[in-house]
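To start, the structure under review is shown below, and the notes come after it.
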Amino acid sequence: MPAVFDRLLEIYLADHLAAGAAGLALARRSAGSNAGNETGRFLRDLAAEIEEDHRTLRRVVAQLGFEGSRLKELAALAGEKVGRLKPNGQVRGYSPLSRLLELETLSVGISGKLALWRSLEQLPEVAERLPGIDLAQLIARAEGQRAELEEHRIAAARQAFVA
């Protein structure tokens with residue numbers, strides 16, 4: 001494979017690793033903020049799956065002979081922390097708007113992860129370098145995560161905006 005192809009692929013995967021680290025942090029934080037309710041239980045399980053997907057992506061990066069970017073990961077994690085400062089309609093604490101925005105952000109992240117797995121699946125020269133990585137299963141799981149998350153997102157929107 002040409003060096004330019006590998007370099008671009010390495011950058012692409014490093015970006016996804018960084019975004020995945022931020023998504024995992026958000027999922028864990030949101031699960032904690034919703035502990036004791038149905039959304040919290042869902043988010044706890046989702047965070048565990050996101051963590052597993054993130055470990056799988058690290059394996060993909062390693063199997064391809066690449067490295068992630070610690071700087072990108074730190075920047076993404078810092079961005080996730082800064083996102084916590086966004087006004088949520090309350091002076092202090094967690095609000096229904098917080099839940100909705102977190103779920104929407106997680107939805108965007110899962111859509112990005114789904115796009116990643118689908119992109120890799122469409123590159124046979126990459127997929128063949130990934131023995132033991134079941135891209136079809138990863139795609140199916142991301143689709144399931146997105147569908148279940150959407151149910152919780154809709155419920156959160158109703159809760160946030162119904163008087």
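The values are calculated or read from the model by the stated rules, or taken from the named source; none is laboratory data. Just so it is clear, the structure is predicted and the values come from calculations on it, not from any experiment. Because the Cβ atoms are built from the backbone with ideal geometry, glycine has one as well, and the counts that use them run over all protein chains shown.
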Revision key, fill the gap. Listed by first then second residue, the pairs whose first member lies in the stretch 123-142 and is within 15 Å of Lys113 (Cβ to Cβ) and touching a residue at least 12 places away in the same chain (Cβ under 8 Å), whose partner is among the aliphatic types (A, V, I, L, M) and crowded, with 17+ Cβ neighbours inside 10 Å, with beta carbons under 7 Å and at least 6 positions apart or on separate chains, are Ile133/Val60; Leu135/Leu120; Ile139/Leu114; Ala142/Ile110; Ala142/Leu114
Exercise for review: Please tell me if Ala156 is surrounded by fewer than 16 Cβ atoms within 10 Å (Cβ to Cβ), small (Gly, Ala, Ser) and either modelled with pLDDT under 95 or outside any loop (DSSP other than H, G, I, E, B) (or both).
Suggested key: no
Practice item. Give the stretch 1-49 a look and list any residue that's buried (at least 19 other Cβ atoms within 10 Å of the Cβ), farther than 15 Å from Ala156 by Cβ and free of Cβ contacts under 8 Å to residues at least 40 places away in the same chain, or say none. Key: Leu24, Ala47
Check your understanding: Name the residues in the stretch 100-122 that are aliphatic (A, V, I, L, M) and surrounded by 15 or more Cβ atoms within 10 Å (Cβ to Cβ), would you?
Key -> Leu100, Leu101, Leu103, Leu106, Ile110, Leu114, Leu116, Leu120
Review point. Taking Ala140 and the conditions (1) touching a helix residue (DSSP H, G or I) at 6+ places or on another chain (Cβ under 9 Å); (2) aliphatic (A, V, I, L, M); (3) surrounded by 13 or more Cβ atoms within 10 Å (Cβ to Cβ), which numbered condition does it fall short on, given that it satisfies the others?
Key: (1)
Check your understanding: Which condition does Ala31 not pass, out of (1) in contact with a Ser or Thr (Cβ under 8 Å, 6 or more places away or on another chain); (2) at pLDDT 95 or above, if it passes all the others?
Key -> (1)
**Study point:** Members of the stretch 115-153 that are part of a helix (DSSP H, G or I), at pLDDT below 95 and of a type in the set (A, V, I, L, M, F, W, C)
**Key:** Val126, Ala127
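One line per residue, one yes/no per condition, for (1) at pLDDT below 95; (2) under 12 Å from the mean Cα position of the chain (by Cα); (3) of a type in the set (A, V, I, L, M, F, W, C):
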| position | (1), (2), (3) |
| --- | --- |
| Tyr12 | no, no, no |
| Ala35 | yes, no, yes |
| Asp45 | no, no, no |
| His54 | no, yes, no |
